[in-house]
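For reference, the structure is listed below as structure tokens.
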Amino acid sequence: MINRDQHRMDHFDHFKEKMAGAGLAPLVIDTFGGYYRQVVAGQTGIIPDDAIRPPREDEVVPAETLASYTDAGRAALKHAVRITLNGGLGTSMGLTGPKSLLTVKDQKSFLEIILGQSARLNIKQVFMNSFSTQAATEEALRALGPADPPLMFIQNRFPKILQDSLMPASWPSNPELEWNPPGHGDVYTAMATSGILDHLLETDIRYALICNSDNLGATMDEPILGYLVRHDVPFLMEVARRTPADAKGGHLAVDGKNNLLLRESAQFPADSQGQDIDTYCFFNTNNLWLNLSSLKKVLAREKTLRLPLILNPKTIDPRDAGSPAVYQVESAMGAAIALFDGARAVEVPRTRFFPVKTCHDLLVVRSDSFLLNENLVLEPNPAIIPPGPLVELDPRFYGNIDMFDERFPQGTPSLLQCTRLRLEGDIRFEGGGTIIGDVRLTNTCAEQAVIKANTVVAQDLRL
């Protein structure tokens, strides 16, 4: 007699047919199949508190102790590559194209700055694009014409799963919505199926820094690279100290076999200690270092890279709450730390982690709070008041990039002496100007308020 789960498992043939028809490689189909079997079995990817413990201080290497590895790192640059995740469209900021094409600092886009950073170190640059960003990125690169064009490969995709039947989701009015990105954990499988991994190894590229395109703090760090090389570390995760702002995110932990692992927020059980930043005090910056030969060995051994399941319940059309309920199968690339024997974590300063996820972040990075130095490295202005300004913008008027740019047409005000800035209502800055201290600007009128050019604001104002 076939039990209910076994009967449901028969549906995988439908997924297999759909994925093969979309041209996805057998390795991708097998990887999804492993996750699908977990879904059928009722697994959710939750990691209970009693299965892990916080890492001890001696289990995380302080980056400040790695200066002696600088020469080794510099010598290894010719064998290094930076792989930048470039699949995001920046929809949370109202963008319709790759976020990497957004002008972020000194009239340069993320893409221009990343290319410049890699060119100055003479290291190879690789981008992992999504189906949504590939064409626009190619067009931008043709316009920029870099002397050493980067390599590119495309992230895979997974079919969405109907929650009620566990069948493939169907949405004829927009078939693209039947698929979801599989999370950045797909980077390892996509490197293998695209041929990029073999190409890099064949050209004597042995070490990779993998990072996000919207985090300009993620630069090729010679001491960290030297540590990776000297100690033959297969996988190294950069972590930073959690603050209250990081409480809802994932954290570094240790399993029952004393191996490092990453627990994402979607894997927290109810009433978990995961949000206790004093207990679990390190978060993953998503700056990961990898020995590419070690990755090749793990892929050969495991056949598919089975990262822990992250199961996201959604609606098939995220803009239509009444559309069918689906599961999106995803994985996090940092979770690979659990698959490499001898993997380690290094604690880095927050200067290696200032991603631009919202228009709030963009205002801070575009302001004089940050400088783009001669090496095209974004760094905090040494004149800022630590830890730098906290910015909160009214989403009704600054929620997307077009609205944001309309209200800062001549650039941002100086935030060097600002500790906190809150804008409530429709307010436009004519240019220049200075914000000092903790300031709240409020406009309750229907008509837009204007801060005149070169105005100094050092107190709360109702406009």
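Take the Cα of Lys248, step 7 Å along the line toward its Cβ, and report every residue of segment 342-367 whose backbone nitrogen sits under 18 Å from that point.
355-362
Calculate for the chain the 222 nm mean residue ellipticity that helices alone would give, adding -39,500 (n - 2.57) per DSSP H run of length 4 or more and normalising by residue count, nearest 500 deg cm²/dmol.
Here the helix-only value at 222 nm equals -7000 deg cm²/dmol.
For Thr315, enumerate residues with amide H under 5 Å from its amide H, sequence gap 5+ or separate chain, H modeled in the peptide plane.
The list, which skips near neighbours in sequence, is Val326.
Could you list which residues have their amide H under 5 Å from that of Leu371, counting only those 5 or more apart in sequence or on another chain, with H placed in the peptide plane?
Amide H neighbours of Leu371: Glu379, Asn381.
Whole-Hz ³J(HN,Hα) for each residue in segment 135-148, computed from phi via Karplus 6.51 cos²θ - 1.76 cosθ + 1.60 with θ = phi - 60°, x for glycine and proline: what do you get?
So the J values, rounded to whole Hz, are 5, 5, 5, 4, 5, 5, 5, 4, 6, 6, x, x, 4, 10.
In square angstrom, what is the accessible area per residue of the chain with a 1.4 angstrom probe? Mind dumping the intermediate values first?
On the way: 20720 Å² over 463 residues.
In whole numbers, the chain has 45 Å² accessible per residue.
Report in % the part of the accessible area of segment 343-401 that belongs to carbon and sulfur, leaving out ligands and nucleic acids; probe 1.4 Å. Write down the numbers at each step before the final one.
Numbers: 1620 of 2650 Å².
The computed percentage sits at 61.
To the nearest 20 debye, what charge dipole does the chain have about its Cα centre, counting +1 at the Cβ of each Lys and Arg and -1 at the Cβ of each Asp and Glu?
Numbers: 45 positive and 56 negative charges, 82 e Å.
That gives a dipole near 400 debye.
With θ set to phi - 60°, apply the Karplus curve 6.51 cos²θ - 1.76 cosθ + 1.60 along segment 384-393 and write out the HN-Hα couplings as whole Hz, x wherever there is a Gly or Pro.
6, 7, x, x, x, x, 9, 10, 10, 10
Per-residue HN-Hα couplings for segment 25-38, Karplus 6.51 cos²θ - 1.76 cosθ + 1.60 at θ = phi - 60°, whole Hz, x for Gly and Pro?
Each residue's phi maps through the Karplus curve to give 5, x, 4, 5, 5, 5, 5, 4, x, x, 5, 4, 4, 5 Hz.
Per the Debye formula with a single identical scatterer at each Cα and no solvent contribution, what log10 I(q)/I(0) holds for segment 51-116 at q = 0.14, 0.23, 0.26 Å⁻¹?
-0.79, -0.94, -1.07
Among Phe370, Ile385, Phe353, which residue has its Cα furthest toward the positive end of the charge dipole of segment 251-396, with +1 on Lys/Arg Cβ and -1 on Asp/Glu Cβ?
Farthest towards the positive pole: Phe353.
Short version: what are the Cα gyration tensor semi-axes of segment 145-298, square root of 5 times each eigenvalue, largest first, in whole Å? Numbers along the way, then the final one.
Numbers: eigenvalues 161, 142, 48 Å².
Equivalent ellipsoid of segment 145-298: 28, 27, 16 Å, largest first.
Quick one: if you stick a label point 7 Å off each Cα along the C-beta vector at Phe131 and Asp271, how many nm between them?
Each label point lies 7 Å from its Cα, and together they span 4.3 nm.
Taking all protein chains in place and a 1.4 Å probe, what share, in percent, of the accessible surface of segment 1-118 do carbon and sulfur account for? List each step's numbers first, then the result.
Numbers: 2980 of 5820 Å².
Here it works out to 51 percent.
Along the three principal axes, how long is the chain when you take its alpha carbons, biggest first, rounded to the nearest angstrom?
76, 58, 49 Å, listed from the longest principal axis down.
Taking 2.2 N^0.38 Å as the expected size of a compact globular protein, what ratio does the Cα radius of gyration of segment 1-130 give against it, to two decimals? All intermediate terms of the calculation are to be shown ahead of the outcome.
Numbers: Rg = 22.6 Å, N = 130, 2.2 N^0.38 = 14.0 Å.
Dividing the Cα Rg of segment 1-130 by 2.2 N^0.38 Å gives 1.61.
Determine the distance separating the Cα centre of segment 380-394 from the Cα centre of segment 284-312; give it in Å without decimals.
With segment 380-394 and segment 284-312 each reduced to a Cα centre, they are spaced 35 Å.
In debye to the nearest 20, how big a dipole does segment 1-160 give about its Cα centre with +1 on each Lys and Arg Cβ and -1 on each Asp and Glu Cβ? Could the numbers behind the result be given before it?
Values: 18 positive and 17 negative charges, 87 e Å.
That gives a dipole near 420 debye.
Can you give me the long-range amide H partners of Leu162? Hydrogens built in the peptide plane at 1.01 Å from N, cutoff under 5 Å, separation of 5 or more residues or another chain.
Residues meeting the amide H criterion: Met167, Ala169, Tyr327.
The values are calculated or read from the model by the stated rules, or taken from the named source; none is laboratory data. As the structure is a prediction and not an experimental result, all values here were calculated from the model. Note: ideal-geometry Cβ built from the backbone for every residue, glycine included; neighbour counts use all protein chains shown. Quick note on the areas: whole protein, heavy atoms, side chains included, nothing else; ligands and nucleic acids left out. Shrake-Rupley method; radii C 1.70, N 1.55, O 1.52, S 1.80 Å.
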